[in-house]
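J.: The structure's right below; bear with me while I get my questions together.
The values are calculated or read from the model by the stated rules, or taken from the named source; none is laboratory data. These figures come from a predicted structure and were not determined experimentally. Here the Cβ positions follow ideal geometry from the backbone for every residue, glycine too, while neighbour counts run over all protein chains shown.
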Amino acid sequence: MHAGTGRLNAILVGILAFLAAVVGDNIGFTAGHRPWVTVWTSVGYLSGNHNTIYNTAKQYELDFAVAVGALLIAYIARRIYRSRKQPTATR
């Protein structure tokens, strides 16, 4: 309504837009921050002093690395095999 009559204050609109962006950003940060705090606090509380997840991960660390390496080598070999198998384009 004010824009059509030429009475719109551009500075006031800019200030209100900036304040709305800051408030919206803070609300979004708080809403996203609380679930992560809850999750990691719960994980820390439930794991206690046992550290079973960490110990299990450490136990199978080498096996996992070998499996990932084998998959990577198989993928590279497959790509090389398929690139050599395709006929070259002739003009």
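J.: Given LEU16, LEU62, which one is of a type outside the set (Ser, Thr, Tyr) and surrounded by fewer than 10 Cβ atoms within 10 Å (Cβ to Cβ)?
T.: Numbers: LEU16 fails: surrounded by fewer than 10 Cβ atoms within 10 Å (Cβ to Cβ).
None of the others qualify; the one that does is LEU62.
J.: Separate question: Which ones in the range 16-67 are at pLDDT below 80 and outside any helix (DSSP H, G or I)?
T.: Scanning the range 16-67 gives GLY48, ASN49, HIS50, ASN51.
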